[in-house]
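Trainee: Input: one structure, supplied below.
The values are calculated or read from the model by the stated rules, or taken from the named source; none is laboratory data. The model shown is predicted, which means the values in this text are computed figures rather than measured ones. In this analysis, Cβ positions are derived from the backbone assuming ideal geometry, glycine residues included, and neighbour counts consider all displayed protein chains. SASA here: full protein model, heavy atoms, side chains in, ligands and nucleic acids out. Shrake-Rupley method; radii C 1.70, N 1.55, O 1.52, S 1.80 Å.
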Amino acid sequence: MQKLTSTRRVRELLEKHNLKPRKNWGQNFLVDENILVKIVDAAELSKDDRVLEIGPGLGVLTMSLAERAAEVIAVEIDQGLFSILEQNLADFKNVKLVQGDVRKLDLSRLCRESWGEKDFVIVANLPYYLTTPFIFQVLKESTVALKRALFMVQREVAQRMVALPGSSNYGTLSILCRYYTEPEYLFNVPQNVFFPRPAVESAVVRLVIRQPKLDVGDQSLFWELIKGVFQMRRKTVLKGLLHIFPLSRETGEEILTRAGIPPQLRPEKLSIEQFAKLSRILYNLRG
Ligand code: SAM
């Protein structure tokens with residue numbers, strides 16, 4: 001039997017089951033053996049590791065993960081693909097397949113049910129539409145049990161994930177990734193390794209989870225502040241602040257000065273530490 005990294009095999013399987021790749025679920029299947037190996041290598045798995053895979057598709061990545069790790073749980077939304085997946089993975093006794101929408105699942109609970117408090121790794125060739133909300137979902141809800149995540153995402157999203165202050169790619173996603181993890185941009189992935197070929201290029205990013213060290217006063221206030229100012233990223237941080245919170249201009253300026261932030265600065269210039277300090281001051285003020 002031909003491997004799942006063959007375009008011909010993927011076409012055959014889909015045709016046999018009367019399926020077409022669904023754009024709305026970002027179904028671009030990986031059909032390149034070299035990239036597959038590179039991704040699995042980058043996951044740095046050992047035989048003790050537990051892996052949660054999102055969007056296994058036909059199971060190309062799932063099989064390789066199952067060969068390297070102790071156990072794999074894979075969540076696939078598409079009922080049609082799911083039945084092919086069940087057949088393809090029938091011999092892999094260390095794989096548990098879950099049919100459902102990852103956005104509606106309590107992932108911590110799903111992993112706890114199988115693995116208790118043991119840690120796990122997430123690996124996913126993410127559908128484009130899901131990337132940003134999923135990373136938010138995982139990192140913000142994430143339990144201490146998630147130790148590492150390896151994501152293949154749109155190249156432009158990968159650049160945003162690792163961006164530093166001062167870069168035009170720097171924003172809420174960059175802060176989210178750096179707040180909870182050590183993000184690392186690993187390698188680019190061209191369009192021609194997928195079937196069907198996507199419109200944009202991809203990249204692989206590794207996030208190594210670490211416990212947040214910064215005191216932000218209050219988590220929800222911190223994220224409200226960051227999302228709010230970056231919604232107005234072309235405006236000054238003062239304008240952003242006044243837009244989010246009911247403050248007078250004088251108070252806004254005073255708060256920013258106390259935080260050591262020039263009020264006319266654009267949000268993309270601010271470090272996470274500066275946002276944390278600002279959030280602490282706002283929190284104490286609400287007190
Ligand atoms: N892992 C396969 C590969 O590398 O060839 C498929 C990757 S494809 C980019 C994305 C996969 O995610 C598809 O199988 C799609 O059906 C699935 N998917 C899309 N939205 C999902 C969701 N909300 N929950 C779970 N799976 C989803």
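Trainee: Considering the options 70, 98, 51, tell which one lies farthest towards the positive end of the dipole of region 18-118, charges being +1 on Lys and Arg and -1 on Asp and Glu at the Cβ, about the Cα centre.
Mentor: Towards the positive end, the residue furthest out is 98.
Trainee: Let me ask something else. Bin all alpha-carbon pair distances of region 101-180 at 10 Å intervals from 0 and give each bin's fraction as a whole percent.
Mentor: 17, 49, 27, 6, 0
Trainee: Quick one: plug the Kirkwood hydrodynamic radius of the chain (C-alpha pairs) into Stokes-Einstein at 20 °C, 1.002 mPa s, and report D in µm²/s. Don't jump to the answer; show the numbers that get you there.
Mentor: On the way: Rh = 20.4 Å.
Calculated translational D: 105 µm²/s.
Trainee: While we're here: Using a simple spin-label model with points 7 Å from Cα along the Cα→Cβ vector, what separation in nm is obtained for residue 79 and residue 144?
Mentor: 4.1
Trainee: Name the shape class, rounded, prolate or oblate, that the alpha-carbon gyration tensor gives for region 219-286, where a ≥ b ≥ c are the square roots of its eigenvalues, rounded holds for a/c under 1.5, and otherwise prolate holds if a/b is larger than b/c and oblate otherwise.
Mentor: Values: a/c = 1.20, a/b = 1.08, b/c = 1.11.
Taking the square roots of the gyration eigenvalues as a ≥ b ≥ c, region 219-286 is rounded.
Trainee: Convex hull over the alpha-carbon atoms of region 187-259: what's its volume per residue in Å³?
Mentor: Cα-based convex hull of region 187-259, divided per residue, equals 173 Å³.
Trainee: While we're on this one: Whenever you get a sec, compute what percent of the accessible area on the chain sits on carbon and sulfur atoms (1.4 Å probe). The partial results should precede the final answer.
Mentor: Numbers: 6520 of 13650 Å².
Carbon with sulfur: 48 percent of the solvent-accessible area.
Trainee: Between the helical axis of 79-88 and the dominant principal axis of the chain, each derived from Cα atoms, what acute angle in degrees is found, rounded to the nearest 10?
Mentor: Approximately 60 degrees, to the nearest ten.
Trainee: Note the angle between two axes, namely the Cα long axis of helix 7-16 and the longest principal axis of the Cα atoms of the chain, as a number of degrees from 0 to 90, rounded to the nearest 10.
Mentor: The helix 7-16 is inclined about 80 degrees to the chain.
Trainee: Pairs of alpha-carbon atoms within less than 8 angstrom and 6+ residues apart define the contacts here; what relative contact order does the chain have, in percent? Don't jump to the answer; show the numbers that get you there.
Mentor: On the way: 468 pairs, mean separation 42.1, N = 287.
That works out to 15 percent.
Trainee: To the nearest 20 debye, what is the magnitude of the charge dipole of the chain about its Cα centre, counting +1 on the Cβ of each Lys and Arg and -1 on the Cβ of each Asp and Glu? Could you put the intermediate results ahead of the total?
Mentor: On the way: 41 positive and 33 negative charges, 152 e Å.
Rounded to the nearest 20 debye, it is 720 debye.
Trainee: When the chain is fully extended, how far beyond the present Cα-Cα distance does residue 37 get from residue 68, taking 0.36 nm per residue of separation?
Mentor: Working: separation 31, 0.36 × 31 = 11.16 nm, distance 1.11 nm.
Contour length minus Cα-Cα distance gives 10.0 nm.
Trainee: With each pseudo-label sitting 7 Å past Cα toward Cβ, what's the residue 8-residue 87 distance in nm, one decimal?
Mentor: Taking the simple label geometry, residue 8 and residue 87 are separated by 1.9 nm.
Trainee: Can you find, among 283, 212, 183, the residue farthest towards the positive end of the dipole of the chain? Put +1 on the C-beta of Lys and Arg, -1 on that of Asp and Glu.
Mentor: Sorting the options by dipole projection puts first 283.
Trainee: Does region 138-241 classify as rounded, prolate or oblate by the C-alpha gyration tensor (a ≥ b ≥ c root eigenvalues; a/c under 1.5 gives rounded; else a/b over b/c gives prolate, otherwise oblate)?
Mentor: Values: a/c = 2.56, a/b = 1.39, b/c = 1.84.
Verdict is oblate for region 138-241.
Trainee: For region 7-209, with every protein chain kept in place, what is the accessible area per residue (1.4 Å probe, Å²)?
Mentor: Numbers: 8860 Å² over 203 residues.
Counting only protein heavy atoms, the per-residue value for region 7-209 is 44 Å².
Trainee: Angle, helix 219-231 long axis vs. longest principal axis of the chain, Cα atoms, 0 to 90°, nearest 10?
Mentor: Once rounded, the angle reads 90 degrees.
Trainee: If the reach is capped at under 15 angstrom between alpha carbons, list the aspartates and glutamates near residue 235, excluding any in the same chain fewer than eight residues apart.
Mentor: 253, 268
Trainee: Quote the Stokes-Einstein diffusion coefficient, in whole µm² s⁻¹, for region 10-162, based on the Kirkwood radius over alpha carbon pairs, a temperature of 20 °C and a viscosity of 1.002 mPa s.
Mentor: Numbers: Rh = 15.8 Å.
Roughly 136 µm²/s, to the nearest whole number.
Trainee: What residue among 215, 32, 119 shows peak mean-square fluctuation when the chain is described by a Gaussian network model with Cα springs under 10 Å?
Mentor: Sorting by GNM fluctuation, first place goes to 215.
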